[in-house]
1. Averaged across orientations, what area in nm² does the convex hull of the alpha carbons in the stretch 181-238 project?
2. Keeping all protein chains in place, calculate the accessible area per residue for the chain (probe 1.4 angstrom), answer in Å².
3. Based only on Cα atoms, what Rg/Rh ratio does the stretch 114-259 have, Rh being taken as Kirkwood's radius?
4. How would you order 130-141, 252-263 from highest to lowest mean count of nearby Cβ atoms within 10 Å?
5. With θ taken as phi - 60° and the coefficients 6.51, -1.76 and 1.60, list the Karplus ³J(HN,Hα) couplings across the stretch 164-181 in order, rounded to whole Hz; mark glycine and proline as x.
6. Can you list the residues, at least 5 places off or on another chain, whose amide H is less than 5 Å from the amide H of residue 275, using H built in the peptide plane?
7. Once the principal axes of the Cα atoms of the stretch 42-176 are found, what is the range along each, listed largest first in whole angstroms?
8. Short version: what are the Cα gyration tensor semi-axes of the stretch 226-271, square root of 5 times each eigenvalue, largest first, in whole Å?
Amino acid sequence: MKSCKRMDSSAPNIRTITVPLEPPSRRYSAMIGSGLLGALAAYVDRLQPRPSRVHAIVDEGIPSVVADDRLERLRHSFVVSSSTLQPSEEGKSLQTVQAMLVDMTRANLERGDLVVALGGGIVGDLAGFTAASYKRGIRWVNCPSTLLSMVDASVGGKTGCNLRIGNSLKKNMVGAFWQPSHVLADVELLRWLDERTYRAGLAECIKHGLIGAQAGDDELLPWTAGVLDRLSTRDSAVLIELIARNIQVKAKIVGTDEREEAANAAGGRALLNLGHTFGHAIETLPQVSPTSVKELAPLQHGEAVALGLICAARCAELLKLVGTGLCERVRHVLGHAGLPVIAHNLPTSAEVLELMQGDKKTSGGKLRLVLPSGEHQCSVIADPPRHAVLEAIDAIRA
Ligand code: GLY
């Protein structure tokens, strides 16, 4: 990580960190700081070639005082059009992509123009995919507004949407690898997040900690566990370091396996799916709740990942990839982070396993699970024994 010059930040004593990302298809950097978004127009102005038109895709959950001000500053230098999205898994659809493509066509965006995403993971995934599709691909800048998207989804270039087939919602079934030209993570935006959504992002941080040794940061998990109390107060300096370290872990992995093509033994980008095969299945069950309060269903993505991490740790114990005790340690740190460690209204484990088998990461019809296999490291396990997966799901049963 290198510190860089402060740019129009509203918090003068807090440093900005730049993390370079160098996947084969495009080099770019992620800047993490406080008040960075105030200089969005200046960043866009520096892109080469300079765009003339900017299409902003904005999460309607961002207070208009923030979004309108940033768009107004862009309007001083560019022709700006916009689409507003209400993020939801149901709305993360090809219909939404189509509507944005129509907005961009009506705004006469050309190939040298730019999409700016301002929102959480769903908005970033949709905006990136729309940018990838429009005129076979135009540049985009991602300004994540949630902790989850800052530490994970905003970098690495996975873009896309869900596919509904009858009653089943196939998560991220359609998409493209399309790297942004720049990522601006402004921790000031995290002040607007509700507590539940904020904490959901910590699940991806704990996931990165569990694979940290394979990405040059074997201290990430203990460090994260040690700063959880400061993170509760949304301390900007700690958040900036947290986000930068997480992006750096991801940058290292994506730099060597951008398109998730590494063989199972090598792990590669698939390691980032730790907890996700369990989590995606649980997440698509509308009745599953993080507490006994039914109204809190469905789970948020990060909450489902937290529960998936517990299942993965338990599965690894049952397969003797790690010693007994890891599952309880993972449960403890997730609980301390304020994340759910028990799923309420979970159907039978066989039903969850059936959903997992529909995951797009199956290979030859066989499940592939990323499981802990050592101190802060994981492995891809092809076709794990059914009994172990079923018993692992029971580890999160109320
Ligand atoms: N969030 C997993 C990945 O980007 O590969």
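1. Working: hull surface 19.4 nm².
Convex hull of Cα atoms, orientation-averaged projection: 4.8 nm².
2. On the way: 15880 Å² over 398 residues.
That works out to 40 Å² per residue.
3. Using Cα coordinates only, the ratio equals 0.98.
4. Details: 130-141: 20.6, 252-263: 17.2.
Taking the mean over residues of other Cβ atoms within 10 Å, the ranking is 130-141, 252-263.
5. Per residue, the Karplus-derived 3J(HN,Hα) values read 9, 10, x, 8, 10, 9, 8, 6, 6, 6, 10, x, 8, 7, 8, 6, x, 8 Hz.
6. 370
7. In descending order, the Cα extents are 46, 30, 25 Å.
8. Semi-axes from the Cα gyration tensor: 30, 10, 6 Å.
The values are calculated or read from the model by the stated rules, or taken from the named source; none is laboratory data. Source: prediction; values computed, not measured. When we count neighbours, we look across all protein chains shown, and the Cβ atoms used for this are built from the backbone with ideal geometry, even at glycine. Surface accessibility is based on the protein's heavy atoms, side chains included, excluding ligands, DNA and RNA. Shrake-Rupley method; radii C 1.70, N 1.55, O 1.52, S 1.80 Å.
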